[in-house]
Structures are given as C-alpha cells and as structure tokens.
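Taken together, the values in this text are just the output of simple stated rules run on the coordinates, not laboratory data. Everything numeric in this text was worked out from a predicted model, so none of it was measured. No Cβ is skipped: glycine too gets one built from the backbone with ideal geometry, and neighbour counts run over all protein chains shown.
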Amino acid sequence: MTRSTPPDDPAFAIDERHPPIRPRRVSFDWTKTPLHWVPGDPVATHIINSFHIVLPEGEKWFIQCVKDARPYIKDEKLLEEIKGFIGQEMVHARSHQGVLDQILATNGIDVSKITDAAGKGNADRPAQMAALKAKNPRAWRRRLRFELAAVASIEHYTAVLGQWIMDNRRLDEAGVDPTMLDLLRWHGAEEVEHRSVVFDVYQRFGGRYPMRVAAWVVSLFFLYWALIGGSLYLLKQDPQIKGRVTLPRVLIAYRRSVRKGHVPGIFKLLLGEAPVYLKPSHHPSQICSTPKALDYLLRSPAAQAAGYDPY
C-alpha cells in the first residue's frame, strides 16, 4: 500500500492539537510468541506484561468516563475526536486481552484476581454513577471530573511510553518477538494520535488545574502499583523461574534491563514527566509526534493487514 503524502512532504501538515483519529481493526496471532518475548529477559517481559493485565479493563473505564461527559460537550470537532478515541480504545482492550488469554493463561499464569476485581468495578460503576447523579448532581460532576483528570494523567504517560517504544531500536536489536513489538508500537502510535482527547474533555467539562494535580498524584501511585506490583505478581507465577524470585534479584535484573534499553527507568519516567505534565500551560499536543506515529502505522504489519492507510 502506498501513501499519497508522506510526513516529510512540505505539503503534508498535521494539526498536532487535532489530528484525525480513527480506529484500526487490527488482530494478532500469538501462536508463535514465547512467554519470555524479550529473549533472556523475563523481568523486562513481565514489567511490560503488567500493562496487559490492567489495560483491558482500564481502557473500558476510560471509555465509560468519556461517554459520561460526552452529552455535555458541544464542540463538534471534539465530539468527532471522542468517537475516534472510543473506537481505538475498544480495539486496544480487545488486543491486550488476547495476550492474557493466549500467552499468559496458556503458560499457567493466572491474573484473574486482578482482572476480575477491575471488571467488577467497571460493571458496578454505571449504577453507582446513576445513583450519585440522581441524589447529588454536583457530587456526580466532581467525581466524573476527577476521573477524567486521572485518565488524562494516565494518557500522558501512555503517549510518552508510546513514543519511547516507537523510537527504541534496541528492542529490535534484542530480538523482541515481532508480533508483540508490533502490538506495543501500534498501540503506542494510537496513544500518541489521541493523546489530547481526554485532556480536552476534562477542560471542557470544567476541569481546573488544582484537580489536575491531585488526580496526577493518585494516578502516579496507581502506575507504580501496576508496574512494580504487577511485574512481581507475574514473576512469582512464571513457570520458568518459579522459586527464584526475590526483590534483590528482581531489582538487579531490572537495572540491567534499563541499561540494555529493554524497559524505561520507571522512577525516572514517572517523576521525570512531572515538570512537563504539571506545567499550568501544558497541553498534550506539545509532546510526542503525530507524524512519527502515522509513519509507524504505515509500516505496522497489523495496521496494514487491517486495510488502513493512515494518510
């Protein structure tokens, strides 16, 4: 498939604040993907696998929050972006669920303790929000506003991680499973593509800076728990290393993985982005590169098999 206007063409202009957003109905075949898809590095594998655990239900929560706010959004452009965002997040949730079902579960790793709790939370949320709205509309707005702020914070990090994984050639050099690498880069590219949507919804829904800061703090603790707790949870169940998981060993292996470029430094990433995201004038369009994301989508085997020309 050829593109009509490449990203380095002077005539090709991307509006970083409002790029076109549309879902790509990708699919992945996991039959040849090993459990340790970062060769020789189970710690890096499971740090990134921890995202697979939280993302299916997490993406559904993102969608619920945006859907709750959508009736109060009047901007037609933003409404169109919301539609694309929801479509993309639905495909993301389904794609990461495939990793849980076809790689982790088939290797005896059970993550239902986490996913079932998250699923119940999502199932209960609509009734809880409806009851709160009927009883106290102002409290309902405050809760939804805070949830949107939390999602916007997480979306900042997913976009930054998406840019990191698209740019990181050391993963290719390490021989990372190509199907998994395509999933991560395709997802990362779409995170860059729709990075502004929830932030804009939050602002249009009356969100202010103090709540953005408070929600960022909560999101930071969640991300630490998801990455650190999730990776330890997976490592302890890994049939190939079971019984050899201790915190000192994991920490040494983690530092080695960071040096090799297999994973970003978690603490540096999460705290290092604070001055960027917490700048009062910050807008997501100021970070990452949509043309780079679209250029990867042109090369992504899954995106191209889905029949989409990103241009």
Quiz item: Karplus couplings for the stretch 75-92 from phi (6.51 cos²θ - 1.76 cosθ + 1.60, θ = phi - 60°), rounded to Hz, Gly and Pro as x?
Solution: 6, 5, 5, 5, 4, 5, 5, 4, 4, x, 4, 4, x, 5, 5, 5, 5, 4
Practice problem: For the stretch 165-244, just list the percent of Cα-Cα distances falling in each 5 Å bin from zero outward, please. | Solution: 3, 11, 11, 13, 21, 17, 11, 7, 5, 2, 0
Exercise. Among the lysines, select those whose C-alpha is under 20 Å from the C-alpha of K260, and discard any that sit fewer than 8 residues away in the same chain.
Key: K268
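Taking the Cα centre of the chain as the origin, how large is its charge dipole in debye, to the nearest 20, when only Lys and Arg (+1) and Asp and Glu (-1) carry charge on their Cβ atoms?
Details: 42 positive and 33 negative charges, 246 e Å.
With Lys and Arg at +1 and Asp and Glu at -1, about 1180 debye.
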Quiz item: Roughly how many Å is it from the Cα centre of the stretch 30-99 to that of the stretch 105-127, as a whole number?
Solution: 15
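Expressed as a rounded percentage, what relative contact order does the stretch 1-157 have, with Cα pairs under 8 Å and six or more residues apart? All intermediate terms of the calculation are to be shown ahead of the outcome.
Numbers: 100 pairs, mean separation 46.2, N = 157.
In percent, rounded to a whole number, it is 29.
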Practice problem: Just grab the label-to-label distance for E80 and R170, each label 7 Å out from Cα along the Cβ direction, in nm (one decimal). | Solution: 4.1
Quiz item: When the Cα centres of the stretch 272-290 and the stretch 231-251 are compared, how far apart do they sit, in Å?
Solution: 35
Self-check item: Rg followed by Dmax, in Å, when the chain is reduced to its Cα trace
Solution: 19.4, 58
Self-check item: Dipole magnitude (debye, nearest 20) for the stretch 210-281, charges at Cβ of Lys, Arg, Asp, Glu
Solution: 320
Quiz prompt | Long pairs among K60/K83; K67/K279; K32/K60; K74/K279, criterion Cα-Cα beyond 19 Å | solution = K67/K279; K32/K60; K74/K279
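Based on the Cβ-Cβ distance from K133 to L271, what FRET efficiency comes out when R0 is 30 Å, to the nearest 0.05? The partial results should precede the final answer.
Working: r = 36 Å, r/R0 = 1.20.
After rounding, the FRET efficiency stands at 0.25.
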Quiz item: Put +1 on the Cβ of each Lys and Arg and -1 on the Cβ of each Asp and Glu in the chain; which of L183, Y224, A302 then has its Cα farthest toward the positive end of the dipole?
Solution: Y224
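Would you calculate a helix-derived [θ] at 222 nm for the chain, using -39,500 (n - 2.57) for each DSSP H run of n ≥ 4 and dividing by the full residue count, to the nearest 500?
Details: 14 runs with 199 residues, N = 311.
It comes out at -20500 deg cm²/dmol, rounded to the nearest 500.
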